[in-house]
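Visitor: Let me give you the structure first, and then I'll get to my questions.
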Amino acid sequence: MTTKVLATISNRSLRNGLWQFNSLIMSKPNTQCIVNSCMNNLTSHRCYNIPAHCKYSNTFEKLQEYMRGEDLLDKTEKDVVENETVEENPSDILANLNPEQEKTLKILKLEYQMMSEENPQNIPEEMTDSMWVELLKINSIIARSKLYRYYKSIENSKRKKKEEKEMKKESIEETSHQVEREHSFAKNTIFLRILDKTMNKSFSDRLTKSMQFGPHLVFDLGFEKQMKPREIKNTVKQLNMCHGENRWTKDPFHFVFTDTDPKGIFLNSFHTGNHGSGLGNCYTVTDKSYLDLFPKKDLVYLSPHAQRTLKYFNPNSVYIIGALVDKSVQQKVTLGKAKEQGISIVKFPLDLHLSWGIGNKCLTLDQTFKILLRLRETNDWKESLQFVPKRKLAEAEHPRNVGEYPKQRQQNNYKKRQYY
Amino acid sequence: MSGELRKQYSVRPKSNGALMTFCRINHMFRSNFIISNSSYCNQPKQRQQKLNPYEIFREELKLTEQFLDKKHINFNEIDKVCKEYGTQARFWQTYCMDHFHHTNDINHGIKLMEYLEKHSSQKISLKTLTLFIALTGSSGHQYQNLVYTTFEKVLKITDVFDMSSIKYLIQGFCGTDNWRKSLEFLEMEKFQSTTKNAGIRSPIIIKALYEGDMSLAMKILQELAAEGNEPSQRVFVEMVEMAENKTGTVTIDTLLDLLREKRWYPDENTALKIKNYFLGLQGEEWQCLDTHIKNDGVCPCCGVNLPIAKFNPSDFENLKKDIMEKLIVASNVFHNSSPVEIKRFIEFLNTHGPFDVVIDGLNIGLCKTPLNPGVKLRLAVEYFTSKGKKVLVIGKQHMKNWKKESMRRIQEQAMLFYVDNISEDDPFILYAACHSGENTMIVTRDFLHNHSTRIGVEYQQLFNKWLQCRKIPKFIYTKSGEILIWEPNGHEIEPFHTTDSWHIPYRYEDGFKWLCLVK
């Protein structure tokens, strides 16, 4: 069930100033809000404190279609906001298996027993139904052992948190008496008590300004089919980190997530949880691609396989980052996509400003975002490239760097040889 | 402020809320007092190495040194020692049985099983049972009944077997009369993994050859070859031994024909055994030597010319299509090149016709001689054009910036094709060589291993054979500024048979060595 709220901004109100939504209504997950502006461009939206699950319709005709319920006829895939995906229970799946699959289940349980005798530090102690369902999908032994290791790490972290909680409880009981006497700071201070609410309001204020005027950053989410579920989780984590960094800055970027798969996992992860509903979050999520939203000459795609390097930050251009974690299969995917569409491709000048040691030159999403942020503030590469992890540089005393192989590479240039 | 007040108010706030506000203000306005920790440390993270149970047995408790190497083993002591250590050392039985399996020690194994049956407090785990089956099966024909009795115990525990238990069961059953049952176990493998394991099937192959069932053995070997897998070297060793002892219907010819068909190469050890076989043949005197055969195709010991490889033209066309589909286009054209480029390349090839030599410009230009890359290219090109051959050089767009004189001279003598800077040039070289016929030479130092894996299982053998015969094995620039090229002869690296002699190649480090056997 969704409640529909229409809000139109007329030209007069645009001229008169900004206006605010009722944030309480908007924060509930199952509302749809349509914001119409008579302008065609995304940049000219004048909205304030709009949460992420709002639909934008740029023309009045689309609005009318929506109110009549006509856009439902065309594509049901675009009903993105409703979380009505049918998720089967893992226990239901396990009850309705083929005879072949039942046999595999038996074999897998045997395998689990045998491995827990050999390698108990890599295998979890308790297995749930959802874990068996995921294990059934995998065909090779090595991949399964990696999954076991991941489950074990989750168990370890949960156990540690429990222990820390208990430790904290004990320490609080001891020190609780002391705090009241010595530190009455919490009640009488010279510092103003700043609540979370005000912080969120200030964040949303800046983010909406960036929506209207500021630089736009596009995250290309169209690579979901090429990634395994583990890698998708990693991208979501990295995007959350980027979003967190963005909120705290003075002049944030406007995040645009394009090319989303309506049946995929990315959208659900945006609309549920803390980062979907709630105050202080302002970004756009669309089905469309960045070619429809921005003019082509402004687009610049960042990928590690490019030929040219970025020289300075251009505030008029829209930068695109591919939301992709390629641990398993490394192909030049971003390069291919940008070539097909005719966009200029660019990479960071890591070779000019850094002395590289050992490591992959593909950087993670939050690292690239931090570099871009710093670049924008100070057009200085040395300061902004400090976010490249230092274990990859030649200065780190990492045991991999200290080995013989990289040193030989440097020494060979000075040797004189007769024959080659 | 007075001294006392200063002490109070200069202390940092210890409550959490006030600290957070302080941090937030600080962070918001990016002032100079930045509270941050260093994000990395120079020392690497030391992982807490938790030991395997096997490692515990081996290193901490030192079971093998103290207990298992002696003649009379007391299992009671081992039990006590492990209980004192804790619950991590529960399964000492598997470790002991594993040790006996490695050393082929049946007597101790039987004693272990008797001990475990008496002391019913310890459950016998599946792994010990399967290991015991493997032990008894591989030790001799006498212990058949033991295999069957323990298998009944196994059936009580599970109906269905996983990879490691399959391995041991097959090893055990292939020593008995009822060896065909191991085929049933093989069928359980497909539930666990889609690829076929070669090590599991070796005992079946060996037993089938002993019993004289050639069709079964060949069928299994073909299945392995269809996936691109090699059987373990143990199979070849056993075949040689069978030929020596004249058990079964295996002769040395079957082995060598197999190796020639599927292009599998023996190891050093197997080559030794083949040599000993020929030396030990009665009634005939064989002279056996190890040599390197150089590019002439002439054996330095006996002076025999090795045969030259022949290729099917129809196979070559299919190879060409495969190169196009899997190397250049792959999953998406735009990863490695673009359709515009491919069109241009094909038109270029069609107009300028087939070539005799294809040179990889980047590979030659960027090798480590202290010469100008343009000069290096020119030397290589002039070597071939002075012999009257048609040369094609493939390079990237940035090669236009190399030394102008040498590039001008190259353009007069040979054809140049420039690929985009972003795209890969190796598949283009392969396609051009394939297009120009069978006898084109390829000039690179690159092994092109990654391309041979990408091409797929069907034409991988052909691809490797073609590269072996047509790629230049070595070239060198001398001090005086000349180039020396070792040209390929086109001889096959396969076992070669005449009435009087055998020449067998085997793997030696990165290359090949030959066994020269003459009567």
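Visitor: Quick one: would you say residue B:157 is β-branched (Val, Ile, Thr), farther than 14 Å from residue A:106 by Cα and within 12 Å of chain A (Cβ to nearest Cβ)?
Guide: Working: β-branched (Val, Ile, Thr): yes; farther than 14 Å from residue A:106 by Cα: no; within 12 Å of chain A (Cβ to nearest Cβ): yes.
Judged against the criteria, residue B:157 is not a match.
Visitor: Can you give me the number of residues within the stretch B:349-359 that are surrounded by 14 or more Cβ atoms within 10 Å (Cβ to Cβ) and at positive phi? Even if it seems obvious, please write down each step before you answer.
Guide: First, the residues of the stretch B:349-359 that are surrounded by 14 or more Cβ atoms within 10 Å (Cβ to Cβ): B:349, B:354-359.
Remaining after also requiring at positive phi: none.
Number of matching residues: 0.
Visitor: Residue check, residue A:384 against (1) away from chain B (no Cβ under 14 Å); (2) open to solvent by 30 Å² or more (accessible area, probe 1.4 Å); (3) in a helix (DSSP H, G or I), all met but one. Which one?
Guide: (2)
Visitor: Can you name every residue in the stretch B:156-185 that is among the hydroxyl-bearing types (Ser, Thr, Tyr) and either open to solvent by 70 Å² or more (accessible area, probe 1.4 Å) or in contact with a Leu (Cβ under 9 Å, 6 or more places away or on another chain) (or both)? Break it down into steps so the answer makes sense when it comes.
Guide: If we filter the stretch B:156-185 for residues that are among the hydroxyl-bearing types (Ser, Thr, Tyr), which is where we start, we get B:158, B:164-165, B:168, B:176, B:182.
Scanning the stretch B:156-185 gives B:158, B:165, B:168, B:182.
Visitor: Quick one: which strands (runs of 3 or more DSSP E) sit completely within the stretch B:474-519 and have at least 3 residues that are in contact with a strand residue (DSSP E or B) (Cβ under 8 Å, 6 or more places away or on another chain) and open to solvent by 20 Å² or more (accessible area, probe 1.4 Å)?
Guide: Working: elements: B:474-477, B:483-486, B:501-508, B:511-518.
Answer list for the stretch B:474-519: B:483-486, B:511-518.
Visitor: Quick one: would you say residue A:147 is more than 12 Å from chain B (Cβ to nearest Cβ), over 30 Å from residue B:53 (Cβ atoms) and not charged (D, E, K, R)?
Guide: Values: more than 12 Å from chain B (Cβ to nearest Cβ): yes; over 30 Å from residue B:53 (Cβ atoms): no; not charged (D, E, K, R): yes.
No; evaluated as a whole, the condition is false for this residue.
Visitor: Being within 29 Å of the chain's Cα centre (by Cα), surrounded by 14 or more Cβ atoms within 10 Å (Cβ to Cβ) and modelled with pLDDT of 80 or more: is that true of residue A:108 here?
Guide: Spelling it out, it is not the case that residue A:108 is within 29 Å of the chain's Cα centre (by Cα), surrounded by 14 or more Cβ atoms within 10 Å (Cβ to Cβ) and modelled with pLDDT of 80 or more.
Visitor: Tell me yes or no: at least one residue of the stretch B:249-259 is within 25 Å of residue B:472 (Cβ to Cβ), of a type in the set (Ser, Thr, Tyr) and modelled with pLDDT of 75 or more. First the steps, then the outcome.
Guide: From the stretch B:249-259, those within 25 Å of residue B:472 (Cβ to Cβ) are none; that's our starting set.
Within the stretch B:249-259 (the criterion being within 25 Å of residue B:472 (Cβ to Cβ), of a type in the set (Ser, Thr, Tyr) and modelled with pLDDT of 75 or more), the answer is no, since none of the residues qualifies.
Visitor: Additional query: From the list A:338, A:323, which one is among the small types (Gly, Ala, Ser), away from chain B (no Cβ under 11 Å) and touching a Ser or Thr at 6+ places or on another chain (Cβ under 7 Å)?
Guide: Working: A:338 fails: away from chain B (no Cβ under 11 Å).
Selected residue: A:323, the only one of A:338, A:323 that is among the small types (Gly, Ala, Ser), away from chain B (no Cβ under 11 Å) and touching a Ser or Thr at 6+ places or on another chain (Cβ under 7 Å).
Visitor: Shifting gears a bit: In the stretch A:185-234, which residues are within 12 Å of chain B (Cβ to nearest Cβ), open to solvent by 100 Å² or more (accessible area, probe 1.4 Å), in contact (Cβ under 8 Å) with a residue 24 or more places away in the chain and among the charged types (D, E, K, R)?
Guide: Within the stretch A:185-234, just A:225 meets the criteria.
Visitor: Cβ-Cβ distance below 8 Å, separation of 6 or more or different chains: which pairs start in the stretch B:319-348 with a residue that is over 19 Å from residue B:459 (Cα atoms) and end on one that is of a type in the set (Ser, Thr, Tyr) and not in a helix (DSSP H, G or I)?
Guide: Within 8 Å, the pairs are B:336/B:423; B:337/B:423; B:338/B:423; B:341/B:423.
Visitor: In the stretch A:91-105, what residues are within 11 Å of chain B (Cβ to nearest Cβ) and open to solvent by less than 40 Å² (accessible area, probe 1.4 Å)?
Guide: Passing the criteria: A:104, A:105.
Conditions (1) under 30 Å from residue B:239 (Cα atoms); (2) within 14 Å of another protein chain (Cβ to nearest Cβ); (3) open to solvent by 70 Å² or more (accessible area, probe 1.4 Å), marked per residue:
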site: B:287; (1), (2), (3): yes, no, yes
site: B:296; (1), (2), (3): no, no, yes
site: B:323; (1), (2), (3): no, no, no
site: B:328; (1), (2), (3): no, yes, no
site: B:331; (1), (2), (3): no, yes, yes
site: B:335; (1), (2), (3): no, yes, no
site: B:347; (1), (2), (3): no, no, yes
site: B:361; (1), (2), (3): no, no, no
site: B:370; (1), (2), (3): no, yes, yes
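Visitor: Can we say residue A:72 is closer than 30 Å to residue A:205 by Cβ, part of a helix (DSSP H, G or I) and modelled with pLDDT under 60? Outline the logic, then answer.
Guide: Values: closer than 30 Å to residue A:205 by Cβ: no; part of a helix (DSSP H, G or I): yes; modelled with pLDDT under 60: yes.
So residue A:72 fails the test.
Visitor: Which of the numbered conditions does residue B:156 fail, given that it passes all the others? Conditions: (1) farther than 30 Å from residue B:187 by Cβ; (2) outside any loop (DSSP other than H, G, I, E, B); (3) of a type in the set (Lys, Arg).
Guide: (1)
Visitor: Something else: Give me the helices (runs of 4 or more DSSP H) completely within the stretch B:36-145, filtered to those with at least 3 residues that are modelled with pLDDT of 75 or more, farther than 25 Å from residue B:157 by Cβ and more than 14 Å from chain A (Cβ to nearest Cβ), ordered by residue number. Spell out how you get there, then give the answer.
Guide: Values: elements: B:75-85, B:92-103, B:106-118, B:126-139.
Filter on the stretch B:36-145 gives B:75-85.
Visitor: On to the next question. State whether one or more residues within the stretch A:336-349 are farther than 24 Å from residue B:332 by Cβ and among the β-branched types (Val, Ile, Thr).
Guide: No: zero hits.
Visitor: Take the stretch B:186-217 and flag every residue that is open to solvent by 70 Å² or more (accessible area, probe 1.4 Å) and away from every other protein chain (no Cβ under 14 Å).
Guide: B:210, B:211, B:215
Visitor: Limited to the stretch A:318-374, what total is found for residues that are polar (S, T, N, Q) and either under 21 Å from residue A:241 (Cβ atoms) or crowded, with 16+ Cβ neighbours inside 10 Å (or both)? Let's see the steps before the verdict.
Guide: Restricting attention to the stretch A:318-374, the residues satisfying the condition of being polar (S, T, N, Q) are A:328, A:330-331, A:334, A:341, A:344, A:355, A:360, A:364, A:367-368.
Filter again for either under 21 Å from residue A:241 (Cβ atoms) or crowded, with 16+ Cβ neighbours inside 10 Å (or both), leaving A:334, A:360, A:364, A:367-368.
Residues in the stretch A:318-374 being polar (S, T, N, Q) and either under 21 Å from residue A:241 (Cβ atoms) or crowded, with 16+ Cβ neighbours inside 10 Å (or both): 5 in total.
The values are calculated or read from the model by the stated rules, or taken from the named source; none is laboratory data. What you are looking at is a predicted structure, and each value in this text was computed from that prediction instead of being measured. Note that we place each Cβ from the backbone using ideal geometry, even for glycine, and neighbour counts take in every protein chain shown. Quick note on the areas: whole protein, heavy atoms, side chains included, nothing else; ligands and nucleic acids left out. Shrake-Rupley method; radii C 1.70, N 1.55, O 1.52, S 1.80 Å.
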